[in-house]
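A.B. asks: Dumping the structure here so I can ask a few things about it.
No lab work stands behind these numbers, since they all come straight from the coordinates. These numbers were taken from a predicted model, which means no experiment stands behind them. Here the Cβ is made from the backbone with ideal geometry for all residues, glycine too, and neighbour counts use every protein chain on show.
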Amino acid sequence: MRLRVGLVLCLFLAFLGAGCRKALGPNVDDNQAPETWITAAPQDTITTKSPLGVPIDPSIGRIPVRFHVYWAGADRDGEVVGYYWAVTETLATSPGDGLPIPTLPGPKARDYHFTTKSDSIFIFTASEDVSERQHAFFVYAVDNKGKPDPTPARFIFRAYDRFPPLAIIDEAKAVGRTYTLLSGGGVTPTIRTSFITDSFDVARPFPRDTVPSNALLTFKWHGEPTIPSTLVLGYRWKLDEPNFNVGDSTVHMATYNSGVGSDRVSPGVKRFTLRAIGQSGWRGQSTRYFQMNFAPDSWFAGPDINDPSQGWQSYTDNVGKRHYYQSVANWTTFAGVANTQFGPDSVNVLPAGRKELHTFFEIYGDTIFAHSEGDTVNLNSWVILPSGGLDVDSPYRVNVGVDPNRPVGVVTTRIDSANGSPVGFRSLLITKRSTDGSAVTPTESSIYPVFDVGSVFYAPHIASYNSMTTSGKCYAYTISEDGDGAVDRRIQREGGSLGIADAVDANTATPEQQSLRSKILTFYVNRSPYFLTSDPTFKPRPNTTTPRAVSWQILANDPDPIDWTKQVSSTGGPQDNTAPVLVRTVTILGKNSAGRDTSFVGAQNLEFANITFSIPTYIVPGAIRAELKLDDYRPSDADSHPGRTTIITVPLTLLGPEPADAPTGAGASSATQRPGSPQADGRRQ
């Protein structure tokens, strides 16, 4: 019974407890989120809509990378206690392979930063490669209960940097060894310090500054901000490297070509580039533009006719020109010409030690000639152009290899240091043809000497050897090449040998062309044919009389004959067993009956000496001239093998007609007596 009463009491107490509990209320957030807006910046590009409420594609504005941004926030049921902001940007450049720059990304949670301020000065980013970059700025407010604005304010813009820091190169210098010519011959080494001041200019192909190829290069610099309250964060620099070296703001110097390890700078045109990196990432840039390796100098170093050891003989021709020569009885035992490159000195005297002489050699038959500017050489001869030169800074890496016939001497001995001499030469001879003045321009020779039988450029000669087979005026140069491959190209830059020589001769040359004229030799090829007027059988003789029916013996000769219809066996002398080609044309110049000048071609393009023709009657008796023209080539050879022409004029007197006999017989008229003629009786009327 007591158990039943206890159970009822428990149920009653449970009922009373349930009736005393509160009712559950609704789950409602009564804290309103704050609002955020940007007050001083380009228009908010997230809320721009048309009057119909349609979002408008944002018009991206441009602002400087250093920009003061203002924003604000409000909370209806509390207060704003701070803001979270974030900045995103596109890639600075495209990822490569023609791909476009990806679209502007949205911010990630880690990109946001908290601040209690409502403004700040931002320095947005550009890059080293571009000065303008697209960004987005996001900001949202947070109230006092920690609730954020779910719709952050945002604007999209392009930040540009027009004021990068200045990259200032304080010093750019090169210190290296060079060689200088001595007045008495030879060279002497000196230490040269060269300062590099030339900035790169795309409109100018050649730098103004040149430094020795072995020089130690030193560059010093600093940077200066151009926008207040900004910094120079670091530097980038390079010379020959594929990529920039990277240094922070404490690095202010770099050196090159120390020779330690792999620190060697190859010769050539160089550009040192320095970049100063600002806080936006955009850079200021400076350059130094220079040529590393001095180009060599070149000159002619031919025979010296005043040197008695060279053994020159001489003779004077019929026009008063003096010629210097040596006869060679046996080329096999010939020892050469002393103190020239046509002898043992060619391998014993370096190019820098060769005396500058504007002369050259000719070999024709068994004779060596010493020539100078303006001389004439024989057709089908060899012309030898000896050269000298100076190279101030490059190693003497002459082109030698395996060659059992290589002559041994300092010229043919390779060393890896400089000695003041170039290692070889190149040459070119341009011939302006004697008939039409057109230029025959072959290819410039490759470098010589090359003593290496395994080389395709094998050239076992120290001077330039040239076969003279074109008649005309020759323009020749030899230019040196140094051990670093630099070539003396001043002649080509100033118009070429033909352009320079003709401009100087016409008094129209520039100062640069005038200074280079001594580097060019001009001479003539093919000695002119000549008439044998001293032969007693030569006709016509000057100042004699001639009848209308003439028979003349026009004797002639050619000192260097070639018949191009026959094979020329070799260069270096007259054509074997060939009579000279001597083509004669005779023109008679006189007066007609009216006293006017007239002419008659009595013979044309005849290859024999005995010439007969009759002078026509329209040329009246009296003073006439016979113009004798002599060619050493046939008209059919004029296009392919032109030659020389000689013209002389012989003054003559043309006789009148012989007196006719008096008529006799029937019909003959009696003579008409002149006044004062004696009559039959001897009296005068």
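A.B. asks: Please give the calculated 222 nm ellipticity per residue for the chain, where each DSSP H segment of at least 4 residues contributes -39500 (n - 2.57) and the sum is spread over every residue; nearest 500 deg cm²/dmol? List each step's numbers first, then the result.
C.D. replies: Values: 5 runs with 42 residues, N = 685.
-1500 deg cm²/dmol, from helical runs alone.
A.B. asks: Would any residue of region 70-93 have its amide N under 16 Å from a label point 7 Å out along Cα→Cβ of ILE60? List them or say none.
C.D. replies: Inside the label zone: 88-93.
A.B. asks: What is the mean projected area of the alpha carbon convex hull for the chain, to one decimal in square nanometres?
C.D. replies: Working: hull surface 311.8 nm².
Directional mean of the projected Cα hull area for the chain stands at 78.0 nm².
A.B. asks: May I ask you to give the average projected area over all directions of the convex hull of the Cα atoms of region 530-654, in nm² rounded to one decimal? Walk me through the intermediate numbers first.
C.D. replies: Details: hull surface 34.3 nm².
For region 530-654, averaging the hull's shadow over all directions gives 8.6 nm².
A.B. asks: Could you tell me the calculated FRET efficiency between ALA338 and ILE647, based on Cβ-Cβ distance and R0 = 41 angstrom, to the nearest 0.05?
C.D. replies: Numbers: r = 42 Å, r/R0 = 1.04.
For ALA338 and ILE647, the calculated efficiency is 0.45.
A.B. asks: Ok, one more. Arrange PHE219, PHE425 by Cβ neighbour counts within 10 Å, fewest through most, would you?
C.D. replies: Details: PHE219 20, PHE425 27.
Least to most surrounded, the residues fall as PHE219, PHE425.
A.B. asks: Turning to a different aspect of this structure: Could you check the spin-label model distance between ARG204 and TRP564? Points 7 Å from the Cα along Cα→Cβ, value in nm.
C.D. replies: If labels sit at ARG204 and TRP564, their model points lie 4.9 nm apart.
A.B. asks: Can you give the FRET efficiency for THR443 and HIS222, using 1/(1 + (r/R0)^6), R0 = 41 Å, r = Cβ-Cβ distance, to the nearest 0.05? Intermediate values should be presented prior to the final figure.
C.D. replies: Numbers: r = 51 Å, r/R0 = 1.25.
E(calc), rounded to 0.05, equals 0.20.
A.B. asks: Order these by the 10 Å Cβ neighbour count, fewest first: HIS461, HIS371, HIS358.
C.D. replies: Numbers: HIS461 13, HIS371 23, HIS358 16.
Placing the least packed residue first, the sequence is HIS461, HIS358, HIS371.
A.B. asks: A follow-up question, please. So if each residue of separation counts as 0.36 nm, and I subtract the Cα-Cα distance between ILE121 and TRP37, what length gain in nm does that give? Could you put the intermediate results ahead of the total?
C.D. replies: On the way: separation 84, 0.36 × 84 = 30.24 nm, distance 1.69 nm.
Length gained between ILE121 and TRP37: 28.5 nm.
A.B. asks: A follow-up question, please. Cα to Cα, under 28 Å, and not fewer than 8 places away if on the same chain: which lysines meet these conditions relative to LYS591?
C.D. replies: LYS591 reaches LYS539, LYS629.
A.B. asks: Could I ask something else about it? In the neighborhood of ARG414, defined by Cβ-to-Cβ distances under 13 Å, what is the net charge if each Lys or Arg adds +1 and each Asp or Glu adds -1? Don't skip to the answer; put the middle values down first.
C.D. replies: Working: positive: ARG397, ARG406; negative: ASP403, ASP416, ASP452.
With Lys, Arg at +1 and Asp, Glu at -1, the net is -1.
A.B. asks: According to the Kirkwood expression over distinct Cα-Cα pairs, how big is the hydrodynamic radius of region 308-371, in Å?
C.D. replies: Kirkwood hydrodynamic radius for region 308-371: 13.1 Å.
A.B. asks: With both partners inside the chain, how many of the DSSP beta bridges are antiparallel, as a percent to the nearest 5?
C.D. replies: Values: 154 of 169 bridges.
Expressed as a percentage, antiparallel bridges in the chain total about 90.
A.B. asks: Please state the charge dipole magnitude for the chain, taken about the Cα centre, from unit charges on C-beta atoms (+1 on K and R, -1 on D and E), reported in debye and rounded to the nearest 20. Intermediate results must be reported in sequence, preceding the final value.
C.D. replies: On the way: 62 positive and 68 negative charges, 260 e Å.
Dipole magnitude for the chain comes out near 1260 debye.
A.B. asks: Under 8 Å for C-alpha pairs, at least 6 residues apart: give me the relative contact order for the chain, rounded to a whole percent. Walk me through the numbers on the way to the answer.
C.D. replies: Details: 1567 pairs, mean separation 56.3, N = 685.
In percent, rounded to a whole number, it is 8.
A.B. asks: Next question, about the same structure. Please give the Cα centre distance for region 263-318 versus region 123-193, rounded to the nearest Å.
C.D. replies: 34 Å
A.B. asks: Quick check: pseudo-label points 7 Å beyond the Cα along Cα→Cβ at SER314 and THR537, how many nm apart are they?
C.D. replies: That separation, rounded to one decimal, is 3.7 nm.
A.B. asks: Quote the FRET efficiency, to the nearest 0.05, computed for ASN330 versus SER258 with a Förster distance R0 of 56 Å and r equal to the Cβ-Cβ distance. Don't skip to the end; give the middle numbers.
C.D. replies: Numbers: r = 58 Å, r/R0 = 1.03.
According to the calculation, E is roughly 0.45.
A.B. asks: Now a separate question. Of the options PRO189, TYR618, ALA72, report the single residue whose Cα projects farthest towards the positive end of the charge dipole of the chain (beta-carbon charges: Lys, Arg +1; Asp, Glu -1).
C.D. replies: Among PRO189, TYR618, ALA72, the one farthest towards the positive end of the dipole of the chain is ALA72.
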